[in-house]
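Visitor: Below is a structure I'd like to ask you about.
The values are calculated or read from the model by the stated rules, or taken from the named source; none is laboratory data. A quick note: this is a predicted structure, and the numbers were derived from the prediction, not measured. Positions of Cβ are backbone-derived with ideal geometry, glycine not excepted, and every protein chain shown enters the neighbour counts. These area figures cover heavy atoms from the full protein model, side chains too; ligands, DNA and RNA do not enter into them. Shrake-Rupley method; radii C 1.70, N 1.55, O 1.52, S 1.80 Å.
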Amino acid sequence: MRKVLSDLIMNLKNNYLRIMTSVFLLILSVNPIIVPAQVEADSLLGTSKAAVVIDGKVLIYVRGITSYPAEKRANVIEQRIEDAASDLSNLADSITVIHNEIRDDIFISGKFIMSVIDDDAKLEGISRANFVRVIKRKITQAIISYRAERTSQALLNKAFYGVGATVITLIILFLINWIVKKFNVWFENKLKTKIDSLESRSFQMIRSRQLWFTFYSFVRGIKFLLFLIIIFIYAQYVLGLFPWTRAVSISLLGFFLKPLIAFGNSILNFIPNLAFLIVIYFITRYLLKLIKLFFSGIEQGSIRVANFDPEWSIPSYKILRLLIVAFAVIVAYPYIPGSESDAFKGVSLFMGVLFSLGSSSLISNLIAGYTMTYRKTFKKGDIVKIEDYVGQVMDIKLFVTRLRTLKNEEVVVPNSIILNNNVVNYSSLAAERGLILHTTVGIGYETSWRQVEDMLKAAAQRTEGILKDPPPYVLQKSLGDFAITYELNAFCNDPVNMMKHYTALHQNVLDVFNENNVQIMTPAYEGDPAEPKVVPKEKWIVPLAGELPGKA
């Protein structure tokens, strides 16, 4: 009698929480005023359930209450079963059940495992008695399997299988890599000539390099996908061999399958829109290729269009390309995934605000760049003067123009400045009629104007780089108070060396006037000097201070 009483007290002590819960349920079933019968199950036990898993295998599903959630209850049951299985003194078939009206208590060798109530059996759609029998059988099988899989012989066999799977996987990966390399070589040797001829027949609209890059990218993608599938199968198999990692193996499958299923469903739903986007893409791409081919023909002179300068071809193509791409984006926008989401609209609005706030100077330079093209202001290689800068045009972009000055300096000029200022182009007419170099001298009234004009023309004819036809000419600019201002005009077709020709022209003017003993009065004088202000011929070459006479 004492022993029975002691066991009863110990049992009550170990299962205090279970007994209190059962008493609470019993009180509620007797007193329906506290909780109505129709909401008793949902309010007390809830609708959530959790699986009891041993070594990755689901035994049963259990429910919980607010103070004792289903997940926590399942974890406790799992731990009790594993403890019982780890203790080899417990026989696998030593499961006993204590029945009462509201629950069945399951024990293994006198150790409490779990309580089964009617709501647990409802999850399986069977009675509580049948559910208890199922639980006893599954727990017995789980204990036997738990112990069998942890024996030395079983673990050694699983390790052997794991090593074998590793070797087989490495061999398969090596074979796939070798087969892909051989296939690439065979395919290239088989179709290289055909693809190259296709490029020439399509007037280079279809590039062989692009086709090969697409092919190799596709093959690499297939190889990567095969590697991923094989490694995934290998990992799942090896992890599933051992009881400690079997749960990871099962969850690994779900980890990959759930995103793939969701992605696959999204792809299936997106296929009609994707087809429309692909059609828009290819139509836009080949339309741009045809337009580019047309404008390239205009640029090269093989296609002629009335009143259309060949220099306008590439800028016109760029403008038309921008309009076509913008139109294609507008048409494709509603079919882009996520275009209707608030986040996508917010980002689009934010980018539009940034563009509108910071694009005033950008747009002005862009418009100026295209405007200059159609105004035929200048072209690459011309000698121009923009504001205070004189130089050769090195590069013309949509936003800026680069000049190389006569001092070999690079000047970057924004196109908006060029659009709003006068531009002097020294090269545009030089090839047709020649650029006129001009300089002025002031000569006194005592010298015949005919002699002065002859001397200026002689200086021009001596200058290398000055054209003989048309011949140079002289203008009398003004009759001043002390001298007559003469302007020499000479034609030149080499504006790049304009300053060099100016220097040579000035040198020859000085020589001719000195040879004829005529004084240049520029800018003016107040009285006749005692001797003419000319350089005698014997003083044309005078050594510098410190140099020997006759030394150049």
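Visitor: Given points 7 Å out from each Cα along the Cα-Cβ axis, report the Y68 to L429 separation in nanometres with one decimal.
Guide: It is 10.6 nm.
Visitor: Could you sort out which of K292/K380; K182/K223; K158/K258; K72/K258; K397/K500 sit more than 23 Å apart by Cα distance in this structure? All intermediate terms of the calculation are to be shown ahead of the outcome.
Guide: Details: K292/K380 21 Å; K182/K223 13 Å; K158/K258 29 Å; K72/K258 25 Å; K397/K500 30 Å.
Check vs 23 Å cut-off fails for K158/K258; K72/K258; K397/K500.
Visitor: While we're looking at this one, here's another question. If I ignore ligands, DNA and RNA and count only protein heavy atoms, how much of V76 is accessible to a 1.4 Å probe, in Å² to the nearest 10?
Guide: Solvent-accessible area, nearest 10 Å²: 40 Å².
Visitor: For the full complex of protein chains and a 1.4 angstrom probe, list D382, D469, D395 by accessible area with the highest value first. The partial results should precede the final answer.
Guide: Details: D382 10, D469 125, D395 45 Å².
The most accessible residue leads, giving D469, D395, D382.
Visitor: Tell me which chymotrypsin sites (Phe, Trp or Tyr not before Pro) from segment 383-488 have a DSSP coil assignment and no more than 16 other beta carbons within 10 Å of their own.
Guide: Values: sites: Y389, F399, Y426, Y445, W449, Y473, F482, Y486; in loops: F399, Y426, Y445, F482.
Within segment 383-488, the qualifying chymotrypsin sites (Phe, Trp or Tyr not before Pro) (loop, at most 16 other Cβ atoms within 10 Å) are F399, Y445, F482.
Visitor: Report ³J(HN,Hα) in whole Hz for each residue of segment 112-124, in order, from the Karplus equation J = 6.51 cos²θ - 1.76 cosθ + 1.60 where θ = phi - 60°; Gly and Pro get x.
Guide: 5, 10, 6, 10, 10, 10, 4, 5, 5, 5, 5, 4, 9
Visitor: Give, as ranges by residue number, the residues of segment 433-473 whose backbone N falls under 17 Å from the point 7 Å along Cα→Cβ of M499.
Guide: Within reach of a label on M499, which here means backbone N under 17 Å from a point 7 Å along Cα→Cβ, segment 433-473 contributes 437-438.
Visitor: Using the beta-carbon distance between K122 and R220 and R0 = 60 Å, what value does 1/(1 + (r/R0)^6) give for FRET efficiency, to the nearest 0.05? Each step should come with its number before you reach the end.
Guide: Working: r = 54 Å, r/R0 = 0.90.
The computed FRET efficiency comes out at 0.65.
Visitor: If we count every other residue with Cβ under 9 angstrom of R63's Cβ, Lys/Arg +1 and Asp/Glu -1, where does the sum land?
Guide: Values: positive: K49, R73, K122; negative: D119, D120.
Here the charged neighbours net out to +1.
Visitor: Note the full-extension length gain between N421 and F482 as 0.36 nm times their separation in residues minus their Cα-Cα distance, in nm to one decimal.
Guide: Values: separation 61, 0.36 × 61 = 21.96 nm, distance 3.79 nm.
Here the segment from N421 to F482 would lengthen by 18.2 nm.
Visitor: Using 0.36 nm per residue, how much length does the chain from N130 to S448 gain when fully extended, once their Cα-Cα distance is taken away? Write down the numbers at each step before the final one.
Guide: Values: separation 318, 0.36 × 318 = 114.48 nm, distance 13.95 nm.
Taking N130 through S448 to full extension adds about 100.5 nm, to one decimal.
Visitor: In what sequence, largest accessible area first, do R450, R128 appear using a 1.4 Å probe? Provide the component values of the computation, followed by the final result.
Guide: Numbers: R450 140, R128 40 Å².
So the residues, ranked largest to smallest area, are R450, R128.
Visitor: Quick one: which residues, 5 or more positions from E149 or on another chain, have an amide H under 5 Å from its amide H? H modelled 1.01 Å from N in the peptide plane, none for Pro or chain starts.
Guide: none
Visitor: Under a 5 Å amide H to amide H cut-off, with H placed in plane at 1.01 Å, what residues pair with L467 once short-range neighbours are removed?
Guide: Those qualifying (amide H under 5 Å, at least 5 residues apart or on another chain) are F491, C492, N493.
Visitor: Same structure again: What full-extension length gain, to one decimal in nm, is calculated for Y333 and L257 as 0.36 nm per residue of separation minus the Cα-Cα distance? Working shown, then result.
Guide: Numbers: separation 76, 0.36 × 76 = 27.36 nm, distance 3.07 nm.
Extending this stretch completely gives an extra 24.3 nm.
Visitor: Tell me, what HN-Hα J-couplings in whole Hz come from the Karplus equation 6.51 cos²θ - 1.76 cosθ + 1.60 at θ = phi - 60° for each residue of segment 437-444, using x for Gly and Pro?
Guide: Computed from phi, the couplings for segment 437-444 are 8, 9, 8, 10, 9, x, 10, x Hz.
Visitor: Right, another one. Please work out the FRET efficiency for the pair Y161 and Y281, using the Cβ-Cβ distance as r and a Förster radius of 60 Å; give the result to the nearest 0.05.
Guide: Numbers: r = 50 Å, r/R0 = 0.83.
So the FRET efficiency works out to roughly 0.75.
Visitor: Using the Karplus equation 6.51 cos²θ - 1.76 cosθ + 1.60 (θ = phi - 60°), what ³J(HN,Hα) coupling, rounded to whole Hz, does each residue of segment 466-482 give in order, writing x for Gly and Pro?
Guide: Those phi angles translate into 8, 6, 7, 9, x, x, x, 9, 10, 10, 8, 6, 7, 9, x, 5, 10 Hz.
Visitor: Suppose accessible area is computed on protein heavy atoms with a 1.4 Å probe; arrange K318, K181 from highest to lowest. Walk me through the numbers before you get to the answer.
Guide: Values: K318 85, K181 125 Å².
My answer, sorted largest first, is K181, K318.
Visitor: What spacing in nm lies between the two simple spin-label points modelled at N265 and F107, each 7 Å away from Cα in the Cβ direction?
Guide: 4.8 nm
Visitor: Using the beta-carbon distance between M394 and L322 and R0 = 25 Å, what value does 1/(1 + (r/R0)^6) give for FRET efficiency, to the nearest 0.05? Walk me through the numbers before you get to the answer.
Guide: Working: r = 25 Å, r/R0 = 1.00.
Once the sixth-power term is evaluated, E becomes 0.50.
Visitor: What's the local net charge at I108, with K and R +1, D and E -1, over the other residues with C-beta under 12 Å away? Could you put the intermediate results ahead of the total?
Guide: On the way: positive: R80, K111, K136; negative: E82, D83, D87, D93, D105.
With Lys, Arg at +1 and Asp, Glu at -1, the net is -2.
Visitor: Another one. How charged is the neighbourhood of V393? Take every other residue with its Cβ under 10 Å from the Cβ of V393, and add Lys/Arg as +1 and Asp/Glu as -1.
Guide: Computed value for this residue: +2.
Visitor: Find the centroid of the Cα atoms in segment 476-497 and in segment 283-302, then give the distance between the two in whole Å.
Guide: Cα centres, segment 476-497 to segment 283-302: 50 Å.
Visitor: Something else about it: How far is it, in nm, from the label point at N177 to the one at K407 when both lie 7 Å from their Cα along the line to the Cβ?
Guide: If labels sit at N177 and K407, their model points lie 6.2 nm apart.
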